[in-house]
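The structure appears right after this line, and notes come after that.
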Amino acid sequence: GDGDGDQISGSGIDSALADAALERLLGLLRAIAGRSVYLLVLAETPPALALLARLFAASPWVADFVTRHPIVIDELLDPRQLYDLPDRAALEAEARRLLGRCEAGDVEAQMDALRQFKQANVMRVAALDVQCELALMRVSDQLTWIAETVLQVASDLVWDQMVARHGRPSCEVDGETAHPGFAIVAYGKLGGIELGYGSDLDIVFIHGSRGSKTVTEGDKPTDNAVFFARLAQKLVHFIATLTPAGSCYEVDTRLRPNGASGLLVTSLDAFAAYQREQAWTWEHQALVRARVVVGNRRLREGFERVRSEVLGRRRDLGELRREVREMRERMRRELARGNQRQCDLKQDPGAIADIEFMVQYAVLAWAREHPELLTYPDNFRVLEQLGASGLLTAQQAQSLSDAYLHYRQRGHRQALLELPPLVPRDAGLDAHRAAVGAIWAQLLEEPAEGSTTDDNP
């Protein structure tokens with residue numbers, strides 16, 4: 001009625017956006033028409049309605065998110081809470097508190113509680129982001145922490161359920177009894193601390209079982225490999241299944257050894273053997289952005305040893321350049337959607353994927369002599385290390401970082417507008433693409449600067 005229009009007109013939205021905001025608000029009102037509690041909240045809390053109008057005007061993604069998950073309207077009632085983003089430890093405490101309210105064994109309630117935790121916290125980030133233009137790194141950090149928290153508390157829950165049924169996994173190594181752990185390795189955007197709104201999770205599961213007598217200790221003992229496989233299946237189900245409260249995340253496990261045809265969970269030893277003996281170069285490129293996000297110290301350290309060994313091996317740089325170049329050209333042919341007027345921020349020449357491939361090439365080429373390149377899994381800090389180590393000039397490292405940040409910021413805005421990563425070409429964009437293209441040519445089209453690296457010990 002008239003009240004809605006008054007709230008929108010009084011919320012600082014110009015008339016060009018007001019119609020879009022009103023249309024999106026009407027979509028929300030239709031979705032919650034049978035749930036009087038939400039209608040009452042909005043009717044009795046004008047500041048919440050005004051904030052909702054501003055958010056809906058600014059971002060169709062936020063409008064769609066709230067319409068699908070109206071429970072997050074509660075977050076708008078206390079602006080102090082909305083604008084106080086919790087750190088990683090506070091997020092985990094909040095998730096455990098919510099799960100603690102569920103009855104033990106009520107898996108459905110636990111799944112709903114975790115979904116509501118995720119949705120409320122993503123809403124906080126989006127509300128701040130849309131209104132205050134939160135720094136891109138802060139958005140990515142926060143969204144990454146939310147996902148890590150979901151994985152941590154969900155895996156703890158599922159682990160406890162499995163142990164209650166089968167007992168703890170155990171094995172005998174050199175005559176000593178050990179209790180092997182379970183770890184989740186993040187790849188891609190989660191691994192590189194670059195999660196965005198709506199990103200899925202690229203993850204791989206590993207376990208520490210080895211030696212002999214690899215069975216669980218309970219009344220219903222089962223082989224450790226079976227235990228860990230069921231654990232991973234239950235965990236994926238817990239996180240990815242669509243319930244009335246939505247899903248937490250879509251999960252992609254295809255980066256595991258042997259891809260979709262391989263085992264869902266592999267032992268650390270089998271993972272190491274695969275990476276050493278069978279993995280393709282593109283799988284080693286993916287390993288650059290891999291890190292353990294759930295797991296005990298022994299598995300974390302074991303994974304890091306394997307990663308460092310594999311990424312730090314001696315390589316034929318001419319062969320490496322050729323393989324990286326061919327994979328990138330194939331991706332570009334199949335995926336790039338840019339044209340004379342629009343740029344594909346991800347796949348066009350000189351865009352995000354070119355920078356990522358250069359970072360991955362640099363790590364594979366030079367980590368043997370420069371292990372500091374293995375310290376971090378994210379592109380920005382690897383680029384910093386490449387500049388600091390003199391492997392790229394300070395100008396090259398800065399140009400790549402500036403272009404990467406520019407592309408990601410524009411892609412991020414496109415996501416909030418529910419648009420693909422295709423943007424109109426302009427002078428700034430073309431300048432970044434030209435700078436990236438020039439460095440690509442120097443690094444990958446010709447022998448690398450100081451080609452003695454091919455023969456380094």
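General remarks:
- Single unsatisfied condition, E172 versus (1) over 30 Å from R54 (Cβ atoms); (2) not in a strand (DSSP E or B): (2)
- Test: residue in the stretch 86-98 that is touching a residue at least 12 places away in the same chain (Cβ under 8 Å), buried (at least 20 other Cβ atoms within 10 Å of the Cβ) and closer than 30 Å to T216 by Cβ: yes
- For first residues located in the stretch 318-342 and more than 19 Å from I439 (Cα to Cα), partners that are surrounded by 12 or more Cβ atoms within 10 Å (Cβ to Cβ) and of a type in the set (D, E) and lie 6+ apart or on another chain with Cβ distances below 7 Å form the pairs A336/D344; A336/D348; R337/D344; G338/D344; G338/D348.
- Pick from the stretch 109-133, criterion out of contact with any helix residue (DSSP H, G or I) (no Cβ under 8 Å at 6 or more places or on another chain) and over 15 Å from A240 (Cβ atoms), ranking: least open to solvent (accessible area, probe 1.4 Å): A109
- Of the candidates V292, V310, the single residue that is in contact with a Lys or Arg (Cβ under 7 Å, 6 or more places away or on another chain) and over 18 Å from Q152 (Cα atoms) is V310.
- Single residue of L91, L49 found to be in a helix (DSSP H, G or I), farther than 30 Å from L231 by Cβ and either in contact with a Pro (Cβ under 8 Å, 6 or more places away or on another chain) or hydrophobic (A, V, I, L, M, F, W, C) (or both): L49
- Scanning the stretch 101-131 for residues that are hydrophobic (A, V, I, L, M, F, W, C) and without any contact (Cβ under 8 Å) to a residue 40 or more places away in the chain, we see that the one that is nearest to W159 (Cα to Cα) is A104.
Condition check ((1) under 21 Å from P70 (Cα atoms); (2) touching a strand residue (DSSP E or B) at 6+ places or on another chain (Cβ under 7 Å)) across all residues:
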| position | (1), (2) |
| --- | --- |
| Q81 | yes, no |
| D87 | no, no |
| A90 | no, no |
| A95 | yes, no |
| D106 | no, no |
| M111 | yes, yes |
| K118 | yes, no |
| Q131 | yes, no |
| V158 | no, no |
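The values are calculated or read from the model by the stated rules, or taken from the named source; none is laboratory data. Every value quoted in this text rests on a predicted model; they were computed, and no experiment measured them. Glycine also receives a Cβ, built like all others from the backbone with ideal geometry; neighbour counts cover every protein chain displayed. To get the accessible areas, we keep the full protein, side chains included, count just its heavy atoms, and leave off ligands, DNA and RNA. Shrake-Rupley method; radii C 1.70, N 1.55, O 1.52, S 1.80 Å.
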